[in-house]
Each structure stands twice: as structure tokens, then as C-alpha cells.
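Undergrad: Structure in C-alpha cells, see below.
Just so it is clear, none of the values below were taken in a lab; they were calculated from the coordinates. Just so it is clear, the structure is predicted and the values come from calculations on it, not from any experiment. Backbone-built Cβ (ideal geometry, glycine too); neighbour counts: all protein chains shown.
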Amino acid sequence: MSAVRFVMLGGFLGAGKTTTIARLANAYQGQGLRVGIVTNDQATDLVDTHTLRSQGFDVGEVAGACFCCNFNELTDVVARLTSEQHPDVVLAEPVGSCTDLVATVVQPLMRLHADRFQVAPYGVLLKPSHGRKILKGEPNAGFSPKAAYIFRKQLEEADFIVLNRIDQLSSTEVDELQQLIEEHYPSVPTLRMSARTGVGIAGLVELLDQQGEFGRRILDIDYDIYAEGEAELGWLNSNLHIASDRPFDLDDMLVRIVDGLRSRLRSLDAEAAHLKAIGLADAAHGVANLISNDQPVELSLPSDCRTEIADLVVNARVALDPVVLESEVHQVVEAVCRELGAKPEWRQTQSFRPGRPVPTHRFANVVPE
């Protein structure tokens, strides 16, 4: 059996990885290739998994820890996809607060599973809303210096950097970000792209199809700072069922919930790294996102659906105590449901701070030629 092409795309929470993965999957399928996808989260009930499956993709999930800390589960999930779906390409989306992935995922795949995987160059998506502030060294960059440390390290280990969401920026803002990337990472190629519109996706495919000496940027990283930076984010995944005696607009509900949370977080001075909700009703699904307190809520996938029942999954990664975050999510969802004459039935909520990353493998040197 020939080796599966393994494509992993990193980037901070809210950088647009899931939308990019979906675009890439469609591009590869357009070439006649079979595609499998692996998502990753610190907990179960991942909006990204629901979103991609709702679009018809074969998706495996590594939940409960990042790829680096659950490496064997990653290879097991890929093995299951390979045996069941026989993909030519596997697209992997790591947790958005993780870094050091070259030493803990890319190099182990090259060293320990070279017969199974042909590893593509490692690309990292830049999130403009926080990237500009962090790379400019502004004092109020949205997160603490320790969280910004993770952001910088993600870019440092990239074979190439994708300046995503250019459709939301002016040409001047795009040029400024390009200049900042070149100043901080002068030897790293950059691609301008909009995953939402599809601009630049062909260029991304070309970068990922390259062969050569990639996945070799091993970080000099302080795991104490890394762990403390991750732990500053409160993490929440909630799953609930919503029912009403009269039809309600699913997209309107999603936007109201996410926008209500945005208002509450702003009042608490708690910066959102990423907040997203998916609503599922029969064959319809909609997704609403928030990537920064300074950005408007985005209905990234409209359902155009009116329904009396729906399943809702909410994921929130916010610089806030997870106990407070859980309370705010419950209050906002309950309030929106009352406004729409609906009743929520809470099924499961997980709220916590990520633990210290402990990689399964870490290679401090690149695989020998």
C-alpha cells in the first residue's frame, strides 16, 4: 500500500483552519483524490467535527488531548480512516493553542511511520485580528505575553505562513501584515489567502504538494511559558437540545447567542480567542463564529432553516475563568431561548483550563537525511 499524504495545518484559535481544511478537501476531491480529515480538541463535542461531517466529509476525531500529547491516538485514527475509507490524503487540524508540532508530530511521523505517511510541508495560518497587535508588540494585544508567546512560536516553526482572511482586510492592512511577517520571519514564504472566498487556495495546494526538506524547524521552547499561556484560556464545550412550540430561525438563534456572549465578554474584559456555535436540524446546519471581541459575529455557514427543534453545540476559548465562562454561556443561551419561545435541554458541558502539554514523543533534532 502506498503512503498516505499527511497534511497538517496549524494556526491560532480562530485563524480559519476548519474553513481552510474544507476548501482543501474539496480541491483534492476535484483532483480525483480520496480525502480523510482528523480534527483535534482538548474535549469532546467539537464544532469543527460536526461542521465538516455535515459537509459530507469523512472525519476522525482525536479528543481529550492535543495531537502531540496523544500521538498514538492520532496514528490510530488515521489508520481507521485508511482501512475504512482508503484516503489518498489525510488533512489534520491541531488544537489552536498548540505549538512545537514539528518536534512532536511531524518528526515522529517521519521517523516512526515513514512507511505509512508522506508528510507535507507544515503550514501555519496567521490570524490577522490578533497577529497584527502581537507582531507589533502592542501592550494590549488581547492576550497576556505568555499566550502571545504561543502565537509567535506557532509561526516560528512553519515551513510557510498563510496570511488568511484577506477578504476582511484593506490592501493597506494586508501589506502591513506581510511586512510584519517578513520582519519577524524573513526566511519563511508567505501566501495571501481567503479561505472563505477561496482566493489563494490553489496556491496553498501548490505549497503543500512540494517535496523536499520540510518539517525541520525545531523550536527552542520554554514549556513552562507554553503551559502557563495555554492555562490562561478557559475552555468550554456544551451540547444541548432546543425545542419550541413554534418555528424559529436557526441562523438568527446562533447569531444571537454568539453576539450575546460577545457583549458579555466585552463587559468582563475577557478576550475571546474563538467562540463558535453550530445548530443542526434535520438535513440543515448553520455555524456562527466570533474570533475577537473587536470583530463582528460572522455567520460562516448559513442554514437558511426554520425549525421547531435543533441540536446545538457551543465551543468557547476565552481568557476567562472556566467556571465564569460556563455560567455566562448558560445565561446567554437561556436568555436567547426565552426570547424565541424555545426551551433548552442541556446534555453535557465540559469547562476547564488545558493541562500542561506532555508530548508522547519529542525529537530535538531533525530526521537524518
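Undergrad: How would you order 211-220, 163-172, 279-288 from highest to lowest mean count of nearby Cβ atoms within 10 Å?
TA: Descending packing order for the listed peptides: 279-288, 163-172, 211-220.
Undergrad: For the chain, what does -39500 (n - 2.57) per DSSP helix run (n ≥ 4), summed and divided by total residues, give at 222 nm, in deg cm²/dmol to the nearest 500?
TA: About -11000 deg cm²/dmol.
Undergrad: Contour minus end-to-end for R53 and V358, with contour as 0.36 nm per residue of separation and end-to-end as the Cα-Cα distance?
TA: 106.8 nm
Undergrad: Once Rh is set to the Kirkwood radius over Cα pairs, what Stokes-Einstein translational diffusion coefficient, in µm²/s, holds for the stretch 233-352 at a temperature of 37 °C and a viscosity of 0.692 mPa s?
TA: It diffuses with D of about 235 µm²/s by this estimate.
Undergrad: Report the semi-axes of the equivalent ellipsoid for the chain in whole Å, largest first, where each axis is √(5λ) for an eigenvalue λ of the Cα gyration tensor.
TA: 32, 24, 20
Undergrad: Sorted by packing (mean other beta-carbon atoms within 10 Å per residue), highest first, where do 252-264, 150-162, 347-359 land?
TA: Listed from highest to lowest mean packing, they are 150-162, 252-264, 347-359.
Undergrad: Here's a follow-up. Counting only pairs 8 or more places apart or on different chains, how many lysine pairs in the chain have C-alpha atoms closer than 22 Å?
TA: Summing the qualifying lysine pairs gives 13.
Undergrad: Each residue of the stretch 190-203 in order: what ³J(HN,Hα) in whole Hz does its phi give by Karplus 6.51 cos²θ - 1.76 cosθ + 1.60, θ = phi - 60°, with x for Gly and Pro?
TA: With the stated coefficients, the stretch 190-203 comes to 10, 10, 8, 8, 10, 5, 5, 8, x, 5, x, 5, 4, x Hz.
Undergrad: Mind checking the dipole of the stretch 4-230: about its Cα centre, +1 per Lys or Arg Cβ, -1 per Asp or Glu Cβ, Debye to the nearest 20?
TA: Computed about the Cα centre, the dipole is about 380 debye.
Undergrad: Can I ask one more? Give the long-range amide H neighbours of C305: residues separated by 5 or more places, or on another chain, with amide H under 5 Å away, using H modelled in the peptide plane at 1.01 Å from N.
TA: Here L250, D251 satisfy the definition.
Undergrad: By how many degrees, 0 to 90 and rounded to 10, does the Cα axis of helix 250-267 deviate from the longest principal axis of the chain?
TA: 80
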